[in-house]
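The values are calculated or read from the model by the stated rules, or taken from the named source; none is laboratory data. Predicted model, so just to flag it, every value in this text is computed and none were measured. As a convention, Cβ positions derive from the backbone with ideal geometry for all residues, glycine included, and neighbour counts pool all protein chains shown.
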Amino acid sequence: MEQAAPYIPKNKVRIVTAASLFDGHDAAINIMRRIIQATGCEVIHLGHDRSVEEVVNTAIQEDAQAIAMTSYQGGHNEYFKYMYDLLKEKGANHIRIFGGGGGVILPEEIKELMDYGITRIYSPDDGRSMGLQGMINDMVERCDFPTGENLNGEVNHLKDKEAKSIARIISAAENFPEDSQAVLEEVHKIADQVKTPVLGITGTGGAGKSSLVDELVRRFLIDFEDKKIGIISVDPSKRKTGGALLGDRIRMNSINNPRVYMRSLATRQSNLALSKHVREAVQVLKAAEYDLIILETSGIGQSDTEILDHSDVSLYVMTPEYGAATQLEKIDMLDFADIIALNKFDKRGALDALRDVKKQYQRNHGLWDANIDDMPVFGTIASQFNDPGMNSLYKSIMDKIVEKTEADLNSTFEITNEMSEKIFVIPPKRTRYLSEIAESNRSYDETALSQAEVADKLYGLQRSIDTLKESSVADKDRLIKGIQESFEQVKMDLDPYNWQIIEQWEEKKKKYSDPIYSFKVRDKEIKIKTHTESLSHTQIPKVALPKFRSWGDVIRWSLQENVPGEFPYTAGIYPFKREGEDPTRMFAGEGGPERTNRRFHYVSLGMPAARLSTAFDSVTLYGNDPDYRPDIYGKIGNSGVSICCLDDAKKLYSGFDLCAPTTSVSMTINGPAPMLLGFFMNAAIDQQCEKYIKENGLEKEVEAKIAKIYKDKGVERPHYQGDLPEGNDGLGLMLLGVTGDQVLPADIYQEIKAKTLSVVRGTVQADILKEDQAQNTCIFSTEFALRLMGDVQEYFIQKAVRNFYSVSISGYHIAEAGANPITQLAFTLANGFTYVEYYLSRGMDIDKFGPNLSFFFSNGIDPEYAVIGRVARRLWAKALKNKYGANARAQMLKYHIQTSGRSLHAQEIDFNDIRTTLQALYAIYDNCNSLHTNAYDEAITTPTEESVRRAMAIQLIINKELGLAKNENPMQGSFIIEELTDLVEEAVLTEFDRITERGGVLGAMETMYQRSKIQEESLYYETLKHTGEFPIIGVNTFLSSKGSPTVLPKEVIRATETEKEYQINMLGNLQKGNEDKASEMLKRVQHAAIQNENMFEELMEACKYCSLGQITSALFEVGGQYRRNM
């Protein structure tokens, strides 16, 4: 396809871009907003997870011509219609709405939305026919109309602070200054009578001004309950295209408030920090009688003094990384600024920088008699929630405003004398941990190689001795003695452990050739048959050993490969696979908990083990409750199951004994993972309470207690909707609406609870690092989210939770975001080692938390995927043993594999099963611990029962029918597999060194290194796919006679109105019935957070009475919300 030339707009076009509410898929909108900007538009980018109200208010305040949204998480019909309705309600229906969502938005839905009034929804086929630039040209041309022209009485609405009128007058000043001169003069007359103070903020680019402004606004809104604030933010225009990225809003959480107005301006000229229309914009906000105006400039360097012409009080924001102290003499603003913020105070040399800046300020302002400690220079960490330095800075600013302007803004904000101090997740002295691991592992490899060479020499000497013994050489005794002496001398260079390997080699081979192999797992002896018999009566070994003769080969293989179940676990962590339990995971999540429960029972019927993997709807993924608000309502139970409370979890897993050794549950949840884990654990405990009640004939007594509880509450008791499916015996439903401790004696309940926690099996994903790097379902600040994870793991150690993984360190979503297999593996292992370092820094024992860590990888069709498990196991084991001194159980890397969702295409969808089969073969041959095979139709819809059954059949056929799969180490001994293993392992260690150069995983995240690398690799793949250089059958080559168009789903699975209504009504009853108790529990959780106590201990109790959204909101108040990245 020939690339279209960019459309050249006739007017200054402003477009708001975002991804929809509860939707972390921001890759597409990021690509689009770059092209929109390069087409000459001013882009106000909001990032992912944005509500309709946020987007609409932004578009009105910014006087944008259009809104461009992506929606990949369902609920698009309600979302776009609500947006149209809200714009119309606010008198802004001139703003065009554009959208896209891949194959998620069906053609009939596109027609319905465009008939409703949405300007255009672009389909995948539009992308194929028009190209990216062609779609953007179409969009920009449709919204290429002027704003701010023909004013009509807007000035009369300024005092009402009507956002639409304020925005139009600012646009008139920008776009039609001469035509609107009379109105602007009137604005000036009004503004000149108003004494609203203006705080000017300027500083260097990258100093964190947007985050700092957000923190100032947050404190202002707390400090003054009735005051209103206006913000003007300026960003530079691109000289080449005239476009601009107005990105300050993406970092701001506090501005989504009716007491805040914000307008972003582009400079529309180069090399200036301010727009020439700033004065008019400030005057408009003064005329609107805001109580405080903040003017923030684009950061261009050392000369930002023009802001002084527009402000009453000035704040200069810089970082400790300004270079030599002499550089301070070149910064003009140090002569004029009232206050200095030394932001990012966690950087190296911050204390020295604070001293030097204070001295320079003292010199520049001639304050020779003043105490240097009293200079208005504040160290701040704006990115850190409730930072004491930010508190001091805010109070100082407000005091200075009152001092200079006599404004009615006397602050009562309480501060301490604490200095900003970074709450380090990883202690600064440990930031080299990844390179230390790389060095340790490389050292091990060098030692293994040298030991193999020693063993080779010994083998040569031994063979010489054996040959001489059998010869008739006259002087052989003397020769043998000399060689024997050499043998003993060389043997001194061989590790005794390695000599033991040589001595026991023949015995080891015999153990695998004997009919039965015996080994222990967690102190339990297991006996396994070592061979299977084919239809031809051939004895197929489950584990095949090499036929090496050379001792060097034996040592090299034993130290780098070895049999499954022995260090370094390259071929697998257990000697043999567990019999009667295939790695198959049953993945489900749709509608309400009852519907997903039915799907679980359907897919597990007749299976020897229930390995349930749960997908949650996006409302749950972002820690929210179901609600009637349209942009939430549309997403309830779509693309996952709606779970907002303990009773939902009980229904979801009802009929499965969560303490049975054949049951394990995996939960794909991250931001609100501790809460969902609390729901799950309490559901498991109450199941066992139910069994106790039945075993002891207490049913009538308990039912009487429950009846009284609900009579007192005055609300309806929750119940399972519909009939129980086949296989569901009702276990878990007896105590719906109550918990075991309400109906059983305390000592009995505690005994049941302890036993349950010790045996329950499963995994919660909870990998907050990869969320920040790739998937975007973060809800809390990163530091607070990590603290919650640490509290969960600490609780697991205290309560002896041995069979449940506290985190599934996930590469899958890193790969889905676009990373290649090496990057996926490197970033995932690096994240894993970061958790190790964090837990160690909290004083936890690696032998106790190591076994609670698990991993989750994607499996594509690239060659490196053939060895992803081998490399991960080997690298992890070497590091845990040699670097951290962990025991064998902690050294074993357990991982789940899911076939690649990214490799599923909406064209020729039947071909997807072929790709999935090949990926599943990779995974099974690589000895994965569990496997989920994607359904072929997932590219276009939620999988149907038929497609899920086909997907499960793929791995069942491989495991049950494919003869070679009866062998459990089929990859070992292959030259290409060994070569790939070495290449990938070294590539991962090299990436570790790159991350170390950036300050470790968290340091690299601050500069968005991981995000950028993932996006670069995604773009590389998409480019090759687009050009056809990377052939994809049925997509860009081997097309059908019709051109392989996007396939439409035969069946679309969506939550029903009944399911949604029940979830909302049930939630209302829960909150009404538990109102007093919930309030008490939430305060206890907040107290634990503030006092640095274990929050999960309190969450386990709060989850009995509170909804997910209630807990999330309570934790926001003490831990802070996640701040989005560009």
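Restricting segment 406-439 to residues that are in a helix (DSSP H, G or I) and farther than 15 Å from Glu991 by Cα, the residue that is farthest from the chain's Cα centre (by Cα) is Lys429. Where helices (runs of 4 or more DSSP H) fall wholly inside segment 805-850, the ranges with 2 or more residues that are in contact (Cβ under 8 Å) with a residue 60 or more places away in the chain and over 23 Å from Tyr72 (Cβ atoms) are 821-841.
Return yes when Leu931 is hydrophobic (A, V, I, L, M, F, W, C), in contact (Cβ under 8 Å) with a residue 40 or more places away in the chain, buried (at least 19 other Cβ atoms within 10 Å of the Cβ) and touching a Lys or Arg at 6+ places or on another chain (Cβ under 7 Å) and no when it is not. When the stated conditions are applied, Leu931 passes them.
The criterion of being buried (at least 17 other Cβ atoms within 10 Å of the Cβ) and under 22 Å from Tyr812 (Cβ atoms) does not hold for Leu1019.
Search segment 84-103 for residues being free of Cβ contacts under 8 Å to residues at least 40 places away in the same chain and of a type in the set (A, V, I, L, M), and hand back the single one that is surrounded by the fewest Cβ atoms within 10 Å (Cβ to Cβ). Going through the qualifying residues, I end up with Leu86.
Return the residues of segment 640-655 that are part of a loop (DSSP other than H, G, I, E, B) and either buried (at least 24 other Cβ atoms within 10 Å of the Cβ) or in the same structural domain as Glu1101 (by TED's automatic domain parsing) (or both); say none if nothing qualifies. Working first, answer last.
First pass over segment 640-655, keeping only residues part of a loop (DSSP other than H, G, I, E, B): 640, 642-645, 653-655.
Gly640, Ser642, Ile643, Cys644, Cys645, Tyr653, Ser654 - these are the residues of segment 640-655 that are part of a loop (DSSP other than H, G, I, E, B) and either buried (at least 24 other Cβ atoms within 10 Å of the Cβ) or in the same structural domain as Glu1101 (by TED's automatic domain parsing) (or both).
If you go through segment 1098-1124 and keep only what is in a helix (DSSP H, G or I) and more than 24 Å from the chain's Cα centre (by Cα), you end up with Glu1098, Glu1101, Ala1102. Screening segment 752-762 for residues that are of a type in the set (A, V, I, L, M, F, W, C) and assigned to a helix (DSSP H, G or I) and picking the one that is surrounded by the fewest Cβ atoms within 10 Å (Cβ to Cβ) gives Ala754.
When the test is whether a residue is free of Cβ contacts under 8 Å to residues at least 40 places away in the same chain, of a type outside the set (Gly, Ala, Ser) and touching a Gly at 6+ places or on another chain (Cβ under 7 Å), Asn1065 does not pass it. The set of residues in segment 1-49 that are in a strand (DSSP E or B) and acidic (Asp, Glu) comprises Glu42, Asp49.
Does Tyr517 satisfy the condition of being surrounded by 14 or more Cβ atoms within 10 Å (Cβ to Cβ), under 23 Å from Leu893 (Cα atoms), outside the structural domain of Arg463 (by TED's automatic domain parsing) and among the hydroxyl-bearing types (Ser, Thr, Tyr)?
Considered against the rule, which asks whether it is surrounded by 14 or more Cβ atoms within 10 Å (Cβ to Cβ), under 23 Å from Leu893 (Cα atoms), outside the structural domain of Arg463 (by TED's automatic domain parsing) and among the hydroxyl-bearing types (Ser, Thr, Tyr), Tyr517 comes out as yes.
Would a scan of segment 443-456 turn up a residue that is in a helix (DSSP H, G or I), farther than 30 Å from Trp876 by Cβ and at pLDDT 95 or above? Within segment 443-456, not a single residue is in a helix (DSSP H, G or I), farther than 30 Å from Trp876 by Cβ and at pLDDT 95 or above.
Restricting attention to segment 662-717, and to residues there that are crowded, with 23+ Cβ neighbours inside 10 Å and assigned to a loop (DSSP other than H, G, I, E, B), which single residue is farthest from the chain's Cα centre (by Cα)? The qualifying residue farthest from the chain's Cα centre (by Cα) is Pro672.
Among residues belonging to segment 763-788 that are small (Gly, Ala, Ser) and buried (at least 24 other Cβ atoms within 10 Å of the Cβ), point out the one that is nearest to Ala815 (Cα to Cα). Among those that are small (Gly, Ala, Ser) and buried (at least 24 other Cβ atoms within 10 Å of the Cβ), it is Ala774.
For (1) within 21 Å of Glu979 (Cα to Cα); (2) under 32 Å from the mean Cα position of the chain (by Cα); (3) acidic (Asp, Glu), each residue gets a yes or a no:
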| site | (1), (2), (3) |
| --- | --- |
| His537 | no, no, no |
| Pro546 | yes, no, no |
| Ser558 | yes, no, no |
| Pro564 | yes, no, no |
| Pro568 | yes, yes, no |
| Gly572 | yes, yes, no |
| Glu579 | no, no, yes |
| Phe587 | no, yes, no |
| Glu590 | no, yes, yes |
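The set of residues from segment 1090-1100 being free of Cβ contacts under 8 Å to residues at least 40 places away in the same chain and either surrounded by 18 or more Cβ atoms within 10 Å (Cβ to Cβ) or within 26 Å of Ala774 (Cα to Cα) (or both) comprises just one member, Glu1098. What are the residues in segment 182-209 that are within 33 Å of the chain's Cα centre (by Cα) and either buried (at least 20 other Cβ atoms within 10 Å of the Cβ) or without any contact (Cβ under 8 Å) to a residue 24 or more places away in the chain (or both), if any? Selection gives Ile201, Thr202, Gly203, Thr204, Ala207, Gly208, Lys209. Would you mind stating whether Ser411 is buried (at least 16 other Cβ atoms within 10 Å of the Cβ), among the small types (Gly, Ala, Ser), outside the structural domain of Gly203 (by TED's automatic domain parsing) and touching a helix residue (DSSP H, G or I) at 6+ places or on another chain (Cβ under 8 Å)? Yes. When you scan segment 389-405, do you find a residue that is part of a loop (DSSP other than H, G, I, E, B) and either within 30 Å of Phe784 (Cβ to Cβ) or not assigned by TED's automatic domain parsing to the domain that holds Arg556 (or both), even just one? No: segment 389-405 contains no residue that is part of a loop (DSSP other than H, G, I, E, B) and either within 30 Å of Phe784 (Cβ to Cβ) or not assigned by TED's automatic domain parsing to the domain that holds Arg556 (or both). When Ile121 is tested against (1) part of a loop (DSSP other than H, G, I, E, B); (2) farther than 20 Å from Ala281 by Cβ, exactly one condition is not met: (1).
Among residues of segment 343-389 being closer than 30 Å to Leu1115 by Cβ and of a type in the set (A, V, I, L, M, F, W, C), the one that is farthest from the chain's Cα centre (by Cα) is Phe378. Scanning segment 289-310 for residues that are crowded, with 21+ Cβ neighbours inside 10 Å, under 39 Å from the mean Cα position of the chain (by Cα), hydrophobic (A, V, I, L, M, F, W, C) and part of a loop (DSSP other than H, G, I, E, B) turns up nothing.
Just one of the numbered conditions (1) farther than 22 Å from Thr267 by Cβ; (2) at pLDDT 95 or above is not true of Ala64: (1). The single condition among (1) buried (at least 20 other Cβ atoms within 10 Å of the Cβ); (2) closer than 22 Å to Gly790 by Cα that Met1066 does not meet is (2). Checked against the criterion of being part of a helix (DSSP H, G or I), under 25 Å from Thr1112 (Cα atoms) and touching a helix residue (DSSP H, G or I) at 6+ places or on another chain (Cβ under 7 Å), the candidates Val801, Val792 yield just one match: Val792.
Against the definition (touching a residue at least 40 places away in the same chain (Cβ under 8 Å) and either closer than 23 Å to Gly655 by Cβ or under 40 Å from the mean Cα position of the chain (by Cα) (or both)), how does Ile748 come out, yes or no? In short, yes.
For every residue, the table says whether it meets (1) touching a Lys or Arg at 6+ places or on another chain (Cβ under 9 Å); (2) assigned to a helix (DSSP H, G or I); (3) at pLDDT 95 or above.
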{"residue": "Asn156", "(1), (2), (3)": "no, yes, yes"}
{"residue": "Ala167", "(1), (2), (3)": "yes, yes, yes"}
{"residue": "Ser171", "(1), (2), (3)": "yes, yes, yes"}
{"residue": "Val183", "(1), (2), (3)": "no, yes, yes"}
{"residue": "Thr202", "(1), (2), (3)": "yes, no, no"}
{"residue": "Gly205", "(1), (2), (3)": "no, no, no"}
{"residue": "Val213", "(1), (2), (3)": "yes, yes, yes"}
